[in-house]
1. Taking the mean number of other Cβ atoms within 10 Å as a proxy for protection, how do you rank 60-66, 81-87 from highest to lowest?
2. Hey, what's the Cα Rg ratio for the stretch 134-255 versus the globular rule of thumb, 2.2 N^0.38 Å?
3. From largest to smallest, what semi-axes in whole angstrom does the chain give when each is the square root of 5 times an eigenvalue of its alpha carbon gyration tensor?
4. In whole angstrom, how far apart do the alpha carbon centroids of the stretch 91-137 and the stretch 1-63 sit?
5. Enumerate the lysines that K186 could reach by cross-link, defined here as Cα to Cα under 27 Å, with residues fewer than 8 away along the same chain left out.
6. Report the full-extension gain for the segment T209 to D102: residue separation times 0.36 nm, less the Cα-Cα distance, to one decimal in nm.
7. Net charge near T242: determine it from the other residues with C-beta under 14 Å of the C-beta of T242, scoring Lys and Arg +1 and Asp and Glu -1.
8. Lysine pairs in the stretch 73-121 with Cα distance under 17 Å, only those 8 or more apart or on different chains: how many are there?
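Each reported figure results from applying straightforward, stated rules to the coordinates on display, with no laboratory input. All values reported here derive from a predicted model rather than from experimental measurement. So basically every Cβ, Gly included, is an ideal-geometry build from the backbone, and we count neighbours across all protein chains shown.
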Amino acid sequence: MIFDSHAHYNSEAFDQDREEVLASMAPAGVSRIMNVAAEMDSIDQIIELTEKYPYIYGALGIHPSECQPLTNEYLDYIKKEILAHDKIRALGEIGLDYHWPDPTKEVQKKWFDAQLDMAKELNMPVIIHSRDACKDTMNILSAHKDITGIIHCFSYTKETALQYVDMGYVIGVGGVVTFKNASKLKEAVKALPLDKIVLETDCPYMAPTPYRGERNDSRYISLVIDEIASLKGIDREEVEETCYKTTCKVYNLPE
Ligand SMILES: [Zn+2]
């Protein structure tokens with residue numbers, strides 16, 4: 001059983017064949033999917049998908065690159081929606097992305113902070129997006145105690161990965177681990193305890209080799225499992241089962 005801990009099936013990349021793609025998940029062994037919000041206008045569609053498909057759960061939150069138009073009123077709206085829907089199991093994706101100049105670091109930090117406060121108030125796990133912002137992300141998360149969740153699409157060193165594990169977080173690993181030049185992530189995967197890793201696609205992005213650059217979907221997680229199994233020298237069944245259990249635990253779902 002595979003749990004895709006991070007997907008974006010609301011993306012327009014799936015507009016032509018969303019039902020077909022989602023119908024093909026169970027036969028491929030994908031039994032649960034966490035569909036994650038990024039933009040303000042994705043919130044309603046995320047909720048709709050959880051209502052339509054029994055195996056799809058949702059996370060609501062605003063991505064750092066999308067946080068410029070955010071307001072406190074809109075955060076209140078998100079809070080209400082989280083409280084009203086039992087299948088919304090996390091707050092995300094939230095964080096810092098310094099790869100792009102906009103929004104400014106100050107704006108990103110302000111809304112990251114505010115959304116972490118909301119996670120604590122609601123006692124919800126968080127899904128963290130952090131790109132080119134290792135130090136600030138660590139500082140801000142360290143300042144917010146009693147919050148856990150997933151460091152998604154992890155891109156830093158193995159030392160940083162282990163530090164997050166010490167803080168109670170687990171590490172999201174997806175298609176990038178199959179890339180030839182991803183030696184840093186491969187080292188982190190080797191160093192991490194298996195039960196601190198969760199599998200993810202970030203689809204439609206981040207398709208694993210040999211599909212790199214194409215549209216990704218949760219069926220390709222099989223290739224990520226193979227890579228992790230080979231890096232750790234264990235059976236793929238062990239990877240699949242352990243990551244499934246960890247993901248259920250993080251999102252407070254029964255196995
Ligand atoms: Zn994502």
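1. On the way: 60-66: 24.3, 81-87: 14.3.
Descending packing order for the listed peptides: 60-66, 81-87.
2. Working: Rg = 14.0 Å, N = 122, 2.2 N^0.38 = 13.7 Å.
Ratio of Cα Rg to 2.2 N^0.38 Å: 1.02.
3. Working: eigenvalues 129, 96, 58 Å².
Whole-Å semi-axes of the equivalent ellipsoid: 25, 22, 17.
4. If you average the Cα positions of each part, the centres end up 22 Å apart.
5. In chain and number order, the partners are K135, K158, K196, K232, K245, K249.
6. Details: separation 107, 0.36 × 107 = 38.52 nm, distance 3.05 nm.
Additional length available on full extension: 35.5 nm.
7. Details: positive: K196, K232, R236, K245, K249; negative: D195, D235, E237, E238, E240, E241, E255.
Combined, the nearby Lys, Arg, Asp and Glu give -2.
8. Numbers: K79/K87; K79/K120; K80/K120; K109/K120; K110/K120.
Total qualifying Lys-Lys pairs in the stretch 73-121 comes to 5.
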